[in-house]
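In what follows, a structure is listed as structure tokens, so that the remarks can point back to it.
The values are calculated or read from the model by the stated rules, or taken from the named source; none is laboratory data. On a predicted model such as this, the values are computed, not experimentally measured, just so you know. Cβ: placed from backbone, ideal geometry, glycine included. Neighbour counts: every protein chain shown. The accessibility values were calculated without ligands, DNA or RNA, using every heavy atom of the protein model including side chains. Shrake-Rupley method; radii C 1.70, N 1.55, O 1.52, S 1.80 Å.
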Amino acid sequence: MSDTSSPKIVIIGAGPAGIRAAATLVDAGLHPVVIDEGHLAGGQIYRRPPPGFTRTPEHLYGSEAAKARALHALFDRLAEEGRLTHCARSSVIAAHEGRLHVLGEGGVQVIGYDRLILATGASDRVAPVPGWQNAGVYSLGAAQIALKAQGVALGRRIVLIGSGPLLTLVGAQLLRAGADVAAVLDTSSWRRQMRGVWGLAARPIVALRGLALRARLGGRYQAGVTLERIEADASGVTAMRWRDAGGGQHLTPCDMVGMGWHLRAETHLADLAGCAFIYDEQWQQWLPKTDDMGRAGNGVYLAGDGVRLLGADGAEIAGRLAATACLSDLGRPAPSVDADLRKLARLQRFARGLARAFLWPSVMVRALPDDAIVCRCENVSAGAVREGADFGGGDANRVKSLSRAGMGRCQGRYCQLAAVELVAAQAGRAPNTVGRFRGQAPVRPAPIGAFLGEG
């Protein structure tokens with residue numbers, strides 16, 4: 001029987017990390033509460049379509065279909081048996097002193113916790129390209145979500161730009177679905193990608209799958225490109241202007257551009273929950289500080305891409321580790337973790353290979369013209385960020401206050417990394433010395449009426 005009394009353990013996120021964390025706690029006789037923004041568990045990587053959707057898991061998840069099915073079935077069974085509480089279509093918008101403010105269909109409610117496991121995942125790491133503020137520009141993740149959840153392509157003629165495994169994966173998935181993919185443009189050169197071979201060899205089958213996807217793209221895939229501008233008119237995107245590795249100029253007509261440079265950890269709730277942060281030179285972003293098990297202190301644990309960018313397999317392992325740490329700290333019997341820690345070390349080696357092969361385009365960001373938009377929510381230009389850096393003394397949060405970069409609906413999710421890069425360049429300092437944008441509540445847009453109990 002599950003123990004529905006204290007301690008109250010809340011898991012935020014029902015992707016691979018959250019599902020494995022929940023299952024581990026249930027196996028120990030506890031009854032966790034799982035809060036997730038999706039209508040069904042699975043997370044972004046294993047996002048499930050609505051009822052009646054005809055495309056099979058093999059079409060949606062490819063080689064990961066069996067893993068997706070297993071996780072979906074596990075979570076659904078635990079929820080149906082009443083061994084956990086699933087708060088679907090709910091978004092945690094604030095965390096403070098053991099309480100969560102949760103926005104759901106009925107408004108905002110406050111949920112207390114004794115232990116908190118954050119399995120918030122990651123989102124696209126995007127870099128500004130002149131013209132990216134126009135209609136028809138999406139993240140790679142948005143393009144993939146539309147394909148998985150609704151079976152649609154977001155454009156009639158598509159160009160994908162950026163770097164990393166998701167770039168070629170989304171390109172191949174769109175092609176397989178029948179979309180017209182005109183070009184897949186990778187800013188990482190072949191020489192740069194070869195620098196990650198040693199690390200990628202830690203997971204040879206996964207690396208070979210990536211090469212197979214790239215081969216499927218054929219001549220559409222171009223490595224070592226220079227992105228110049230996304231052309232647009234009053235109706236939206238019209239073309240992508242770029243240069244190939246040899247310097248040749250290209251103008252590729254399109255009505256949709258998908259962009260992304262691997263991933264950025266979703267850390268806003270970790271910030272509000274009081275976690276410490278460290279600058280990760282490997283991924284060139286600030287990440288929450290934890291031990292190998294995911295402990296962040298004060299009864300908070302982190303798992304998955306929100307703390308380590310290791311993909312779905314790493315997220316499952318990290319979910320089990322975080323839940324095991326929670327059990328141990330509560331003085332309850334906990335399973336052995338030796339095998340999981342060994343697997344995690346191999347995945348971390350693979351991740352280091354990815355980071356070396358597919359770099360964050362810092363040179364491109366620092367070279368942005370002053371009139372290029374950096375913060376799309378607030379329409380803040382690169383010139384305004386540089387001016388803020390001159391007045392703000394090279395401090396990221398002062399520049400945020402002066403320029404309003406990162407103050408819009410996305411709360412800096414899409415502009416923070418680029419804005420900090422510009423601040424550092426203007427101040428003649430390294431990005432890790434200028435700080436990061438502090439998290440603010442609400443971390444998602446919330447209607448005022450929701451706080452008044454009016455929906």
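When you have a sec, figure out the Kirkwood radius of the stretch 110-251 from all distinct Cα pair distances and drop it here in Å to one decimal?
Final number for the Kirkwood radius of the stretch 110-251 is 16.8 Å.
Sort E421, E58 by accessible area with a 1.4 Å probe, largest first.
Ranking E421, E58 by accessible area, largest first, yields E58, E421.
Highest first, please rank the peptides 82-92, 373-383 by the mean number of other Cβ atoms sitting within 10 Å of their residues.
Taking the mean over residues of other Cβ atoms within 10 Å, the ranking is 373-383, 82-92.
Given a 1.4 angstrom probe, I'd like the percentage of the accessible area of the chain that is carbon and sulfur, rounded to a whole number.
Carbon and sulfur atoms account for 51 percent of the accessible area of the chain.
Would you work out which of Q416, L452, G196 lies farthest towards the positive end of the dipole of the chain, given +1 charges on the beta-carbon of Lys and Arg and -1 on that of Asp and Glu, about the Cα centre?
Checking the options against the dipole of the chain, the answer is G196.
Pick out, in residue order, every one of the trypsin sites (Lys or Arg not before Pro) in the stretch 11-79 that is DSSP loop and has at most 12 other C-beta atoms within 10 Å; say none if there are none.
Here the trypsin sites (Lys or Arg not before Pro) that fit, given the DSSP loop and packing criteria, are R55.
Do the alpha carbons of any pairs in K148/K400; K67/K289; K8/K67; K148/K343; K289/K400 sit beyond 26 Å of each other, and which pairs?
As for pairs spanning more than 26 Å Cα to Cα, those are K148/K400; K67/K289; K8/K67; K148/K343.
Given R₀ = 30 Å, what would the calculated FRET efficiency be for V152 paired with L74, taking r from the Cβ atoms and rounding to 0.05?
0.55
Provide the net charge surrounding Q144, with neighbours chosen by a C-beta distance below 15 Å and charges set as Lys +1, Arg +1, Asp -1, Glu -1.
So the environment of Q144 carries a net charge of +3.
Please say if the stretch 136-183 is rounded, prolate or oblate, where rounded means a/c under 1.5 for a ≥ b ≥ c the square roots of the C-alpha gyration tensor eigenvalues, and otherwise the choice is prolate for a/b larger than b/c and oblate otherwise?
Verdict is rounded for the stretch 136-183.
What helices does the chain have that are whole DSSP H segments, at least 18 Å long along their own axis by Cα, and with mean Kyte-Doolittle hydropathy of 0.5 or more?
Answer set is 204-217.
For the stretch 221-284, how big is Rg over Rh, using alpha carbon atoms and the Kirkwood form of Rh?
Rounded to two decimals, Rg/Rh equals 1.18.
What percent does the relative contact order of the chain come to when contacts are Cα pairs within less than 8 Å and at least six residues apart?
The value is 18 percent.
Above 27 angstrom, tally the Cα pairs of the chain and express them as a % of all pairs, no decimals.
Counting pairs separated by more than 27 Å, the tail of P(r) holds 54 percent.
When ranked by the protection proxy of mean other Cβ atoms within 10 Å per residue, highest first, what sequence do the peptides 235-241, 30-36, 391-397 form?
30-36, 235-241, 391-397
Just the Cα atoms of the stretch 93-156: what Rg and Dmax do they give in Å?
Cα radius of gyration and Dmax of the stretch 93-156 are 17.5, 50 Å respectively.
About the Cα centre of the chain, how large is the charge dipole given +1 on each Lys and Arg Cβ and -1 on each Asp and Glu Cβ? Please answer in debye to the nearest 20.
Once rounded to the nearest 20, the dipole reads 1060 debye.
Using every alpha carbon pair in the stretch 22-120, what percent of pairs falls into each 5 Å bin from 0 up to the bin containing the largest distance?
2, 11, 19, 22, 19, 14, 7, 4, 1
Using r as the Cβ-Cβ distance of R89 and A66, and R0 as 35 Å, what FRET efficiency do you calculate, to the nearest 0.05?
About 0.85, to the nearest 0.05.
Indicate, rounded to the nearest 5 percent, the antiparallel portion of the DSSP beta bridges found entirely in the chain.
The antiparallel proportion sits near 50 percent.
Taking the stretch 409-455 as the region of interest, what is the percent of Cα-Cα pairs per 10 angstrom bin, listed from the shortest bin to the one with the maximum distance?
Binned Cα distances yield the sequence 24, 35, 22, 13, 6.
Of V108, A367, V26, which is farthest along the charge dipole of the chain in the positive direction, counting Lys and Arg as +1 and Asp and Glu as -1 at C-beta?
A367
Once fully extended, how much extra length lies between T56 and D244, figured as 0.36 nm per residue of separation less the alpha-carbon to alpha-carbon distance?
64.0 nm
Which whole-number value in Å² is the accessible area per residue of the chain, probe 1.4 Å?
42 Å²
Along the principal axes of its C-alpha atoms, what lengths does the stretch 303-455 span, in descending order and rounded to whole Å?
56, 50, 23
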